[in-house]
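The structure under discussion appears below in the form of structure tokens.
The values are calculated or read from the model by the stated rules, or taken from the named source; none is laboratory data. What you see is a predicted model; the values in this text were computed from it and never measured. We place every Cβ from the backbone using ideal geometry, glycine too, and count neighbours over all the protein chains shown. Note: accessible area is taken over every heavy atom of the protein model, side chains too, but ligands, DNA and RNA are not part of it. Shrake-Rupley method; radii C 1.70, N 1.55, O 1.52, S 1.80 Å.
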Amino acid sequence: MLIWIGLLTVWGSFWIASQKLPTQPEAILTPPAPMPWPTVAIVIPARNEAALIESMLQAHLTQDYSGVYQIILVDDQSADGTAAIAANTAESSNASDRLTILTGEPLPPGWTGKLWAMEQGFRHLVDWDTPPDYILLTDADIAHDRASLRRLVTKAIAADLDLVSLMVRLRCDSVWEQMLIPAFVFFFQMLYPFPWVNDPQKSKAAAAGGCMLLRFSALQRIDGLKSIRSALIDDCALGTAIKAGGPIWLGLSADVQSLRPYPDLAAIWQMVARSAYAQLGYSPWLLAGTVLGMVLVYEVPLLAIGIGLYSASPGLVLIGLGSWLLMAIAYWPTVKFYAVSPLLTLALPAIAALYTAMTIDSARRHWLGKGGAWKGRIYPTS
């Protein structure tokens with residue numbers, strides 16, 4: 001109970017889910033919108049995204065943005081015709097001049113595939129006679145609404161930010177998505193309280209890899225993606241590198257959405273197990289501490305209720321119920337944001353148990369040499 005009181009009162013107000021872009025972005029600009037608007041390059045790493053690339057690219061091609069922007073699609077050795085579909089989409093929209101498709105080079109040792117693809121996009125832009133003012137790094141499964149680019153650039157200008165990143169709205173349609181996806185976002189906010197990330201006086205730094213708008217000079221300052229080339233949790237590594245030299249901002253978005261489906265438990269399990277142990281620095285001691293912490297924070301309240309009922313100890317029952325209520329209160333804003341059943345706030349102990357099991361499995365995969373498996377590649381971990 002004391003832990004939950006502390007989390008609710010002093011841990012960066014992480015649970016309130018208050019960090020969001022304004023609906024009318026120009027309202028935060030003083031003076032009004034710039035003339036001309038900054039130039040932007042949208043860099044999209046894509047590997048075997050034939051099923052999603054058309055709708056994603058269509059959203060980028062129809063942005064309501066008054067400035068000049070170009071799209072750089074880095075085809076990371078796809079085997080399903082991703083590049084051809086992208087080219088056809090741009091041609092059918094009479095926007096072929098806005099799209100450049102780069103054929104990805106073979107993956108060098110020490111790099112993860114996504115970071116290498118983004119690095120190739122960055123190097124391509126460095127060679128431009130006039131590099132863009134901003135670069136938007138976004139995934140090939142992310143659908144941006146028409147005002148997305150305008151809102152991101154507006155936020156960056158208004159607060160003079162080197163990085164604006166959005167935790168995009170993950171798909172939440174299937175039963176397993178509704179049960180586990182809001183909790184994924186909740187746990188991420190707990191690890192990286194957004195108000196602390198957004199405070200230049202705090203060392204806490206993070207980003208969400210699906211949508212990251214960077215000042216191009218800030219990415220040049222850290223020499224592109226080289227310094228984090230092997231990071232499996234590349235977004236938070238990039239956020240840390242950028243914040244060392246300038247302010248950043250991270251928030252939630254309801255309008256920028258992930259198209260990636262997670263129809264069953266296995267799909268979500270794979271997503272989490274891929275990098276959970278990396279988050280712990282591959283430390284068995286941190287793994288043990290995390291498991292014990294998860295049991296203490298999420299499972300002991302229910303255990304206390306059960307023991308209290310069995311031993312006729314009303315005080316123990318009340319303390320257990322109070323702790324369970326506090327965690328439900330903490331989870332409520334995220335559940336509300338995702339518009340799922342309020343009853344899921346009471347299911348957080350069961351959800352946390354599943355995530356604990358995923359974390360243990362992530363360590364198991366690492367010990368078997370399969371910890372970094374993603375899209376047909378297995379990355380060495382250490």
Please verify whether A83 is within 22 Å of S230 (Cα to Cα), in contact with an Asp or Glu (Cβ under 6 Å, 6 or more places away or on another chain) and either among the hydroxyl-bearing types (S, T, Y) or part of a helix (DSSP H, G or I) (or both), treating the condition exactly as stated. no
Evaluate the following for I72: is it more than 30 Å from K202 (Cα to Cα) and at pLDDT 95 or above? yes
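Take the conditions in contact (Cβ under 8 Å) with a residue 12 or more places away in the chain, open to solvent by 20 Å² or more (accessible area, probe 1.4 Å) and either in a loop (DSSP other than H, G, I, E, B) or of a type in the set (A, V, I, L, M) (or both) and apply them to A241. Does it pass?
So A241 fits the description; yes.
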State all residues of the stretch 1-21 that are under 18 Å from K204 (Cβ atoms), aliphatic (A, V, I, L, M), in contact (Cβ under 8 Å) with a residue 60 or more places away in the chain and open to solvent by 70 Å² or more (accessible area, probe 1.4 Å); if no residue qualifies, say none. I16
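Could you check the stretch 269-342 for helices (runs of 4 or more DSSP H) lying wholly inside it with 2 or more residues that are over 30 Å from D173 (Cα atoms)? Can you show your working first?
Values: elements: 276-279, 284-294, 300-310, 314-337.
Counting at least 2 such residues, we get 284-294, 300-310, 314-337.
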Mind checking which residues of the stretch 205-229 are surrounded by 17 or more Cβ atoms within 10 Å (Cβ to Cβ), closer than 19 Å to F122 by Cα and of a type in the set (G, A, S)? A207, A208, G209, G210, A218, G224
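In the stretch 55-80, how many are part of a helix (DSSP H, G or I), among the small types (G, A, S) and open to solvent by less than 50 Å² (accessible area, probe 1.4 Å)?
Quick first cut of the stretch 55-80, residues part of a helix (DSSP H, G or I) only: 55-61.
Now narrow it down to the ones that are among the small types (G, A, S): 55, 59.
From what's left, open to solvent by less than 50 Å² (accessible area, probe 1.4 Å): 59.
Total satisfying the criteria: 1.
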Among the residues of the stretch 239-252, write down those that are over 13 Å from Y192 (Cβ atoms) and not β-branched (V, I, T). A241, A244, G245, G246, P247
Can you tell me which condition I142 does not meet? The list is (1) more than 24 Å from A208 (Cβ to Cβ); (2) touching a helix residue (DSSP H, G or I) at 6+ places or on another chain (Cβ under 7 Å); (3) buried (at least 17 other Cβ atoms within 10 Å of the Cβ), and all the others hold. (1)
How many residues does the stretch 189-199 hold that are touching a Lys or Arg at 6+ places or on another chain (Cβ under 7 Å), assigned to a helix (DSSP H, G or I) and surrounded by fewer than 21 Cβ atoms within 10 Å (Cβ to Cβ)? 1
Given (1) surrounded by fewer than 17 Cβ atoms within 10 Å (Cβ to Cβ); (2) of a type in the set (D, E, K, R); (3) farther than 26 Å from K20 by Cα, number of the condition K202 does not satisfy: (3)
Looking at the stretch 45-54, can you tell me whether even one residue there is crowded, with 20+ Cβ neighbours inside 10 Å, under 22 Å from D255 (Cα atoms) and β-branched (V, I, T)? yes
If P261 passes every condition in (1) outside any helix (DSSP H, G or I); (2) in contact with a Leu (Cβ under 9 Å, 6 or more places away or on another chain); (3) closer than 29 Å to I360 by Cα; (4) modelled with pLDDT under 95 but one, which one does it miss? (2)
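May I ask you to verify whether S253 is crowded, with 19+ Cβ neighbours inside 10 Å and either aliphatic (A, V, I, L, M) or in contact with a strand residue (DSSP E or B) (Cβ under 8 Å, 6 or more places away or on another chain) (or both)? Break it down stepwise before answering.
On the way: crowded, with 19+ Cβ neighbours inside 10 Å: yes; either aliphatic (A, V, I, L, M) or in contact with a strand residue (DSSP E or B) (Cβ under 8 Å, 6 or more places away or on another chain) (or both): yes.
Here the answer is yes, as S253 does meet what is asked.
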Report the residue count in the stretch 114-125 for those that are out of contact with any Leu (no Cβ under 8 Å at 6 or more places or on another chain) and at pLDDT 95 or above. 2
Of the listed residues (A84, A59, A90), the one being of a type in the set (G, A, S), within 16 Å of I44 (Cβ to Cβ) and free of Cβ contacts under 8 Å to residues at least 24 places away in the same chain is A84
